[in-house]
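Encoded as structure tokens, the structure appears first; notes follow it.
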Amino acid sequence: MHGLITGSLSIRRVGLVLVEHALVVLSVVVAAVVRLGLPDHPATAFSDWAGRAIVVAAVLQICLYYGDLYSLRTLADRRDLLTGLVRSLGAASVLLAILYYLVPDLVIGRGVFALATVLIITLVAGWRIAFEWLSLRGEPPSGCSSSARGRPRSPWPASCSSGAANWASSWWASSTTTRRRSGTR
């Protein structure tokens, strides 16, 4: 929310939120199909379920935000990720119960959210792990200064003093030393 107000949203964070939103909506719709079966008129039922699933996703994402799970620093610790995800789902359950009490038409069906919870934990945790892995693949070598990180156009910025060349030469030097010691060429 603060990033939205101050304009400091990054492409990474927006991508994280949008894909996560789609995964939560997909989880709720799949849980509805598994729990309630295929409807007679799939087009109208799916559009109705998707609208209700968007409400579930919005409530859950608000809870994830207040649980500090959209801070990109918390992605690295998987234990914190899982406990934060379970806590946010618990808070979302309470908020949705209140919302369902106030607006009963939002209820998809009995047991749908319970089944969706298992899917949400699996998909969102898997997505977060994949997101972290994909994010780290674009990082410059560890010898680069922190001011060099995040610059566009080059995999390694100029301040890394030709990072790829230095990394390659240091790797080659260490591997040739290892090969000489082991007697292989």
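Here the average projected area of the convex hull drawn through the C-alpha atoms of region 24-88 stands at 4.9 nm². Structural size metrics of region 10-130, computed from C-alpha coordinates, are Rg and Dmax of 14.4, 46 Å.
A cut-off under 10 angstrom between Cβ atoms defines the neighbours of L69, and their net charge, with Lys, Arg +1 and Asp, Glu -1, is -1. Across region 12-24, rounded Karplus estimates of 3J(HN,Hα) from the backbone phi angles (6.51 cos²θ - 1.76 cosθ + 1.60, θ = phi - 60°) give 4, 5, 5, x, 4, 5, 5, 5, 5, 4, 4, 5, 5 Hz, Gly and Pro being marked x. The distance between label points at R78 and R35 comes to 2.9 nm (points 7 Å beyond Cα on the Cα→Cβ vector). Counting every alpha-carbon pair across region 78-128, the share separated by more than 18 Å comes to 35%.
Readers should treat all values here as calculations from the given coordinates under stated rules, not as data from a laboratory. Remember, it's a predicted structure, so these values are computed and weren't measured experimentally. Glycine gets a Cβ as well: all are built from the backbone with ideal geometry, and neighbour counts include every protein chain shown.
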